[in-house]
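Read through the structure below, which is laid out as structure tokens, and then see the notes.
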Amino acid sequence: MFQAILFYAFSGLLLAAALGVIFSRNPVHAIMFLVAAFFQSAVLWLLAEAEFLAIILVLVYVGAVMVLFLFVVMMLDINIEEARGGLSKYAPLGLIIAALMIVELIQVIRFRSDGEVLQGFAVTPENYSNTEALGAVLYTEHVYAFEIASVILLLAIVAAITLTMRKRPGLKAQNISEQVAVDPKDRMRIIKMKSES
Amino acid sequence: MNINVLIPSIVTNQWNLLPLYLQNLVIITTQILAVTICVILTVAFTTYFERKVIGYMQGRIGPNRVGIKGLGQPFADVIKLLIKEVVIPSRSNRYLFIIAPLLSLIPALATWAVIPLTDGFVIADINAGLLYVLALTSVGVYGVLLAGWATNSKYAFLGAMRCAAQIVAYEIAMGFALVGVLMASGSLNLGDIIASQSGGFSQWFIVPLFPLFMVYFISGVAETNRAPFDVAEGESEIVAGFHVEYSGVAFAVFFLAEYANIILIAALTSIFFLAGWSSPFEGWSFLGEGSFLREPSFFWLAVKICFFIFVFFWIRATFPRYRYDQIMRLGWKIFIPVTIVWIAVEGVMVWMKVGPWSI
């Protein structure tokens, strides 16, 4: 009962935030609504005792992806009136995509539930840890897929950093290790001079 | 001593009549309030501590006018900030301008929910505590970003841009450093991480994971925008960075968030690498049986937190500010390779069964 109240409250907030993303005139406001929507869906996952997924959602989407979004949107000086003119032009396409997704979701839910109507979230056993359950599956059944994906991602990080390490001829940049290793003996000459009367 | 003796029976009877969820609600709310108020009071005295430490390092005395030895100074500052006018720039974005300080304060305080303060006391003992800490510290950047943008000032905007790029860069190194802690302890729960370091300071993770400890703490300094990484404020270049137009209470909230973050990073470093509330002298027999110094208690956590807060101020008083490209170079090209190499070394050590961990 109490769970149901929480579920509907947070679902309502999620829907309101999602509508805010679409209808707010200011792109920065839209992004903040999207952040709120991510938080609400994380709460819904917490209600289903999937705490790992919930926290990862906040960590990856709110903490990294949306920060970069915000970064880019703030840099662009978007003309709001001009951007709004496209709404009627793109509305039919958007409605078709939304209808397709709704049909797909209904199909998936009917296929998964096998016709019977589910009441609330599946009951988890005592001492159930979502993180451990995920780890047990990831590192046994799907270990190859998981390791290959992580190596590819690591490679992407290393490659991106390596790209910034190129040396262009004629570029004036300081070499920090060279600067730190400077010895006064190499640069200075101390000369004894007779004092001039 | 039984605490029930002190409470009149009519109160306990009324308490037992309450439904269970109401009892829980009251207990949890009291715990949250207690921890929050303690953090805020610590922030107040941390500002005093900072001014004193930097004062003595520069051959000055520091605040000594309000109260005994200047101990009333933080409260005088708070009252001054509270009665000042909050100025909202006319071309700014009002809502975001007001929300921004709150967005930076809330994550800084909410993270304290999973911090184990003593051997039995933690508000929320969740399984994925370490991930929760990472997630909430990464949310704190919104406050700074929105403040810089909503102010509608070039200085503030530059500060926000610098801050966002810096926090995103150092978060990766921080996360990688915590992967090392995770491998060594075999748990995401902060209480279990402390428990796996029990047995005196030779068992602490600072010994096998020293490079990761350095990376974590320096990244922590960078994440909280403290000197020498305080380019988001950069007084000499962009006035005061993202909070240039903030005044009164709104500025005080930013200030509170910054110092709450400092205390948080100090607490997290002591939990991940110095075993939190454990005593360093566990198993030292010559201290005497049942000695206070050998018992794990809140005292040890407080000592470690105070030490790291002191290191924050020590660093601030010692180093000049980094140039921005050097900050980026340190984060991406030095810290990330160091952590990746050390994680690989640790993996080999776990595989060869060398070291303190026994997985």
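The values are calculated or read from the model by the stated rules, or taken from the named source; none is laboratory data. These numbers come from a predicted model, not from an experiment. Using ideal geometry, Cβ is built from the backbone for each residue, glycine included, and neighbour counts are taken over all protein chains shown. Calculation scope for accessible area: heavy atoms of the full protein, side chains included, ligands and nucleic acids excluded. Shrake-Rupley method; radii C 1.70, N 1.55, O 1.52, S 1.80 Å.
Spatially, segment A:135-197 and segment B:77-130 are offset by 36 Å when compared through their Cα centroids. Taken as Cα centroids, segment B:23-49 and segment B:199-263 sit 21 Å apart, rounded to the nearest whole angstrom.
Long hydrophobic helices in chain B: the complete DSSP H runs spanning 18 Å or more by Cα along their own axis with mean Kyte-Doolittle hydropathy of at least 0.5 are B:20-57, B:94-110, B:154-185, B:210-223, B:248-274, B:298-318, B:336-351. Note down the net charge around B:G191, summing +1 for each Lys or Arg and -1 for each Asp or Glu among other residues with Cβ under 12 Å from its Cβ. Value of the local net charge: -3. Directionally averaged projected area (chain A, Cα convex hull): 25.8 nm². For chain A, with a Gaussian network of springs between Cα atoms less than 10 Å apart, report the residue from A:V62, A:V108, A:V180 with the top mean-square fluctuation. Highest fluctuation among the options: A:V180.
Using R0 = 45 Å, the C-beta based FRET efficiency linking B:E85 and B:W314 works out to 0.80.
Label sites at B:Y56 and A:V72, each approximated as a point 7 angstrom past Cα along Cα to Cβ, lie 5.1 nm apart.
How would you classify the protein assembly as shown from its alpha-carbon gyration tensor, with a ≥ b ≥ c the square roots of the eigenvalues: rounded for a/c under 1.5, else prolate if a/b is greater than b/c, otherwise oblate? Note, shape of the protein assembly as shown comes out rounded. Applying the criteria of a DSSP loop state and at most 14 other Cβ atoms within 10 Å to the trypsin sites (Lys or Arg not before Pro) of segment B:296-359 yields B:R323, B:K353.
Accessible-area loss of 20 Å² or more (1.4 Å probe, protein heavy atoms, chain alone versus all protein chains) is found in segment A:160-197 for A:I161, A:T164, A:M165, A:Q174, A:I176.
Take B:I340, project a point 7 Å from its Cα along the Cβ direction, then tell me which residues of segment A:128-161 have their backbone nitrogen under 19 Å from it. Output list for this probe position: A:146-161. Note on B:327-334: average number of Cβ atoms from other chains within 10 Å of each residue's Cβ is 2. Shielding by partners for peptide A:57-63, expressed as the average number of C-beta atoms from other protein chains within 10 Å of each residue's C-beta, is 6. In summary, the helical segments of chain A meeting the span-like criteria, namely a full DSSP H run, a Cα extent along the axis of 15 angstrom or more and a mean Kyte-Doolittle hydropathy of at least 0.0, are A:2-23, A:27-47, A:87-113, A:143-163. In a DSSP loop and with at most 16 other Cβ atoms within 10 Å, the chymotrypsin sites (Phe, Trp or Tyr not before Pro) in segment A:121-191 are A:F121, A:Y128, A:Y139. Taking a Cβ cut-off of under 13 Å around A:A133, the surrounding Lys, Arg, Asp and Glu residues balance to a net charge of -4, with basic ones at +1 and acidic ones at -1.
Assuming R0 = 45 Å, what is the FRET efficiency of B:I40 and A:D186, from their Cβ-Cβ distance, to the nearest 0.05? Once the sixth-power term is evaluated, E becomes 0.25.
Helical content alone sets the calculated 222 nm signal of the protein assembly as shown at -20500 deg cm²/dmol, taking -39,500 (n - 2.57) per DSSP H segment of four or more residues and averaging over every residue.
Just check segment B:1-141 against the gyration tensor rule for me: Cα atoms, a ≥ b ≥ c as the square roots of the eigenvalues, rounded for a/c under 1.5, and otherwise prolate or oblate depending on whether a/b exceeds b/c. Prolate. Taken over the protein assembly as shown, lysine pairs spaced eight or more positions apart, or on distinct chains, with alpha carbons under 21 Å apart number 6.
Here A:M32 sits with roughly 40 square angstrom of accessible surface, probe radius 1.4 Å.
Accessible area per residue was computed with a 1.4 Å probe on protein heavy atoms; B:C38 scores about 80 Å². What's the FRET efficiency of A:V65 with A:E196 using the Cβ-Cβ distance as r and R₀ = 51 Å, to the nearest 0.05? It comes to 0.10. I need the shape label for chain B. Rule: rounded when a/c is under 1.5, else prolate if a/b > b/c, else oblate, with a, b, c from the alpha carbon gyration tensor. Here chain B falls in the oblate category. Full extension of the chain between B:T30 and B:F75 gives 13.8 nm of extra length, using 0.36 nm per residue less the Cα-Cα distance.
Solvent-accessible surface of protein heavy atoms, probed at 1.4 angstrom with all chains present, puts B:I88, B:I262, B:I305, A:I102 in the order A:I102, B:I88, B:I305, B:I262, largest first. For chain B, the solvent-accessible area with a 1.4 angstrom probe is 48 square angstrom per residue. Qualifying GluC sites (Glu not before Pro) in segment B:220-277, where qualification requires a DSSP coil assignment and no more than 12 other C-beta atoms within 10 Å, are lacking entirely.
Summed over both chains, the accessible area lost when A and B associate is about 2600 Å², using a 1.4 Å probe.
Counting Lys and Arg as +1 and Asp and Glu as -1 over every other residue whose Cβ lies under 11 Å from the Cβ of B:G248, the net charge comes to +1. Run the simple label-point estimate for A:N175 and A:L154 please: 7 Å along Cα→C-beta, distance reported in nm. If labels sit at A:N175 and A:L154, their model points lie 3.1 nm apart. Can you give me the % of accessible surface on chain B that is carbon or sulfur? Probe 1.4 Å, all protein chains present, nothing else counted. C and S fraction of accessible area: 69 percent.
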